[in-house]
1. So, restricting to helices (runs of 4 or more DSSP H) that lie completely within the stretch 195-301, which ones have at least 3 residues that are modelled with pLDDT of 95 or more and within 30 Å of residue 53 (Cα to Cα)?
2. Given the options 229, 247, name the one that is over 24 Å from residue 6 (Cα atoms), out of contact with any helix residue (DSSP H, G or I) (no Cβ under 9 Å at 6 or more places or on another chain) and exposed (fewer than 14 other Cβ atoms within 10 Å of the Cβ).
3. Could you look through the stretch 206-216, keep only residues that are within 10 Å of the chain's Cα centre (by Cα) and buried (at least 19 other Cβ atoms within 10 Å of the Cβ), and pick out the one that is nearest to residue 180 (Cα to Cα)?
4. Is one or more of the residues making up the stretch 112-130 in contact with a helix residue (DSSP H, G or I) (Cβ under 8 Å, 6 or more places away or on another chain), touching a residue at least 40 places away in the same chain (Cβ under 8 Å) and either within 21 Å of residue 260 (Cα to Cα) or crowded, with 18+ Cβ neighbours inside 10 Å (or both)?
5. Taking residue 135 as the residue in question, decide whether it is surrounded by fewer than 24 Cβ atoms within 10 Å (Cβ to Cβ), more than 18 Å from the chain's Cα centre (by Cα) and not in a helix (DSSP H, G or I).
6. Every residue in the stretch 23-43 that is within 18 Å of residue 273 (Cβ to Cβ) and surrounded by 14 or more Cβ atoms within 10 Å (Cβ to Cβ), please.
7. Give all pairs with beta carbons closer than 6 Å in which a residue from the stretch 213-231 that is on the phi > 0 side of the Ramachandran plot meets a residue that is assigned to a helix (DSSP H, G or I) and surrounded by fewer than 23 Cβ atoms within 10 Å (Cβ to Cβ); count only pairs at least 6 apart in sequence or on separate chains.
8. Which members of the stretch 86-107 meet the condition of being surrounded by fewer than 18 Cβ atoms within 10 Å (Cβ to Cβ) and either modelled with pLDDT of 75 or more or not in a helix (DSSP H, G or I) (or both)?
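The values are calculated or read from the model by the stated rules, or taken from the named source; none is laboratory data. Fair warning: this is a prediction, and the values are worked out from it, not measured in the lab. Positions of Cβ are generated from backbone atoms using ideal geometry, with glycine treated the same way; all protein chains shown enter the neighbour counts.
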């Protein structure tokens, strides 16, 4: 089997089969941060595989090998004596992966900048209509429904409605604020921008659609777990129930939302962590999967 066939088969498995298998399991809900990392790793691996597939179809195998070695040389890694002297085909073997990397990076930056502009405009509105609460370390916004969300980034801010301050108990309100602070400290907006970028390049791909959906859900679950470190399950669940109907502005992360029913069931169900074998396997997959397409395209030469 040549490199192109192996890479095409690998891309089909990662892009179509693995996402559905991953959805069948429940371990990602018990370890949401690790689960989100697996979705990110699969997305990166597919991107690498798709790029190398195009390279292997466009240029001969020996030129693809030279192109990969050239990229590694440019990163300071030397796999053999001398430095490759690429010809036209070799330059193409380098250009295609570079173009994909640039496209992903550009899409990632685009989504980050767009979300940041939305947040900046919303901050200006908050400065006009909201009031800062030193006690809550948050901006209190006039709104007739209990709601809370955060604006992550360089100037993070937690926002809570005056209805939430009025209607929630002190324990419920503190749990909600801890949830929002977890989004900020965990930089969850970066993970969301990454899957948005991947989905923009491959909108037809099941992996891209599911990675976007599942990463958003898992980031909320990770923030829930942070709040549960210092609050009971009942306190957080009742607060989420009170805030389920509220909607947050674009570019923000909120304790409520469309996935609140799934998260409520998770919080109220008996808790058990994933088996150590599962977490160890998932961590290994996260580290190894992104480099598998490179090994398929250019097996290491020993000796």
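1. On the way: elements: 206-228, 233-242, 260-268, 276-288, 292-297.
So the answer is 206-228.
2. On the way: 229 fails: out of contact with any helix residue (DSSP H, G or I) (no Cβ under 9 Å at 6 or more places or on another chain).
One residue alone meets the criteria, 247.
3. Step one: of the stretch 206-216, the residues within 10 Å of the chain's Cα centre (by Cα) are 211-216.
Filter once more, keeping what is buried (at least 19 other Cβ atoms within 10 Å of the Cβ): 211-212, 214-216.
Details: 211: 22, 212: 20, 214: 19, 215: 16, 216: 14 Å.
Among residues in the stretch 206-216 that are within 10 Å of the chain's Cα centre (by Cα) and buried (at least 19 other Cβ atoms within 10 Å of the Cβ), the one nearest to residue 180 (Cα to Cα) is 216.
4. Narrowing the stretch 112-130 to residues in contact with a helix residue (DSSP H, G or I) (Cβ under 8 Å, 6 or more places away or on another chain): 112, 115.
Next cut, touching a residue at least 40 places away in the same chain (Cβ under 8 Å) only: 112, 115.
With the extra rule that they be either within 21 Å of residue 260 (Cα to Cα) or crowded, with 18+ Cβ neighbours inside 10 Å (or both), the set shrinks to 112, 115.
Yes, some residue in the stretch 112-130 is in contact with a helix residue (DSSP H, G or I) (Cβ under 8 Å, 6 or more places away or on another chain), touching a residue at least 40 places away in the same chain (Cβ under 8 Å) and either within 21 Å of residue 260 (Cα to Cα) or crowded, with 18+ Cβ neighbours inside 10 Å (or both).
5. Details: surrounded by fewer than 24 Cβ atoms within 10 Å (Cβ to Cβ): yes; more than 18 Å from the chain's Cα centre (by Cα): yes; not in a helix (DSSP H, G or I): yes.
For residue 135, the condition - surrounded by fewer than 24 Cβ atoms within 10 Å (Cβ to Cβ), more than 18 Å from the chain's Cα centre (by Cα) and not in a helix (DSSP H, G or I) - is met.
6. Step one: filter the stretch 23-43 for residues within 18 Å of residue 273 (Cβ to Cβ), giving 25-38.
Selection gives 27, 28, 29, 30, 31, 32, 33, 34, 35, 36, 37, 38.
7. Sorted first by the residue in the stretch 213-231, then by its partner, the list stays empty.
8. Filtering the stretch 86-107 down to residues surrounded by fewer than 18 Cβ atoms within 10 Å (Cβ to Cβ) leaves 86-89, 91-92, 95, 98-99, 101-103, 105-106.
Passing the criteria: 86, 87, 98, 99, 101, 102, 103, 105, 106.
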